[in-house]
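Here, each number is a calculation from the coordinates, and none is a lab measurement. What you see is a predicted model; the values in this text were computed from it and never measured. In this analysis, Cβ positions are derived from the backbone assuming ideal geometry, glycine residues included, and neighbour counts consider all displayed protein chains.
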Amino acid sequence: MESSRKQRWQQLQSVFEPGFKQMLLISVLLHLLVPILYYTPLFPKHEIEKPPVYRVNLVNKIVKNPQAGRPEAAPVKQKPAVKPKPKPEPKPAVKPKPVPIPPKPKPVPVKPKPEPKPIPPKPKPEPKPEPVKPKPEPKSAPKPAPVKKKPQPKPAVSKAQESALEARLKKMRAAQKQKASEQARKDKLAALRAAAIAESSNIESPTTDAPVGMMDGKGDQAGVSAVAFVQEFIQKQWSFSKYQAAGSPEAEVKLFYNAHGTLLHYKFLKKSGNSVFDESLIRAITKSRQLSQPLPESMEFHIIFNLKDMLDKS
């Protein structure tokens, strides 16, 4: 029996190629390592820390390095320092000058009245001469017909002059258009600032004497951070009812603004999975294409919008 088994094992070994055992062992090890590598996170994902939810007063200025304080605090209007008025220097005593006594007026001599002149007698009227009839004038020759002046020919305008004139007109129109767009942008900014002031007037800080800043601020500038301002500004444009969605949907959005506070473009890094909530965010971002304040520079924002936090702030 044992000899037959050895013969069979020798036959199997002769069928397999040399090195088969090593290949089989490597295959088994690979099959074990693949699921281990798949389910074991060798490179952990770097999750973005969710910033705390702030109530921001939109009247406050956007700064790069905000100081420690509260973003909802109202800016303190500093009264201009009143300089003390200098005391008037005492004037030196002036001795009164002696007033000269005016001399007495001399008596004016009275002139005698002139005697009345005799009235001359009226002259007699002379007889009027008889009117002389004018002699008839001889017939004059007919007046010559007026000579019509020929219109002077207008100077011919060359094509170069026409093209130069058209170029000037185009420049003037472009300058007028740019001026009108700039004025429209300024008017829009003024309207947004007024709306922000009106909306933020309802925000009250729990501490009346708190300086304007951020809770985690480490800078030396009185103001709020740009990301907190942008998030609050979009929150003001957002409208949503808590009965429209269940749970706590959350979306991550990346926004790009230039230094004038104009939205260049945005994209969703992660949608909430609730179409109603995502559409409400798109409407709010579209309304926030122009901020009420300029930014320190062109900036990129990564903001997480959570339904629960947004409903708590509204």
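What does the C-alpha gyration tensor say about the overall shape of region 207-314? Classify as rounded when a/c is under 1.5, otherwise prolate if a/b is larger than b/c, or oblate.
Numbers: a/c = 2.15, a/b = 1.39, b/c = 1.55.
Oblate, because a/c is 1.5 or more while a/b does not exceed b/c.
Please list 3J(HN,Hα) in residue order for region 176-186, calculated via the Karplus relation 6.51 cos²θ - 1.76 cosθ + 1.60 where θ = phi - 60°; whole Hz, with x for glycine and proline.
5, 5, 5, 5, 5, 5, 5, 5, 5, 5, 5
How large is ³J(HN,Hα) for each residue in region 57-71, as worked out from phi by the Karplus curve 6.51 cos²θ - 1.76 cosθ + 1.60 (θ = phi - 60°), to whole Hz, x for Gly and Pro?
Values, residue by residue: 7, 6, 7, 5, 6, 7, 10, 7, 10, x, 7, 6, x, 10, x Hz.
Taking the Cα-to-Cβ direction at Arg168 and at Lys104 and moving 7 Å from each Cα, how far apart do the two end points lie in nm?
8.7
List the chymotrypsin sites (Phe, Trp or Tyr not before Pro) within region 237-314 that fall in a DSSP loop (any state other than H, G, I, E or B) and whose Cβ has at most 16 other Cβ atoms within 10 Å.
Of the chymotrypsin sites (Phe, Trp or Tyr not before Pro), the ones in loops of region 237-314 whose Cβ has at most 16 other Cβ atoms within 10 Å are Tyr243.
List, in the order given, every pair from Lys186/Lys242; Lys61/Lys170; Lys177/Lys270; Lys179/Lys270; Lys242/Lys287 whose Cα-Cα distance in the structure shown is over 30 Å.
Lys186/Lys242; Lys61/Lys170; Lys177/Lys270; Lys179/Lys270
When the chain is fully extended, how far beyond the present Cα-Cα distance does Ala68 get from Asp312, taking 0.36 nm per residue of separation?
85.5 nm
Which residues' amide hydrogens lie under 5 Å from the amide hydrogen of Trp238, considering only partners 5 or more residues apart or on another chain, with H built in the peptide plane?
Amide H neighbours of Trp238: none.
Computed from the mean reciprocal separation of all distinct C-alpha pairs, what Kirkwood hydrodynamic radius does region 236-281 have, in Å?
12.1
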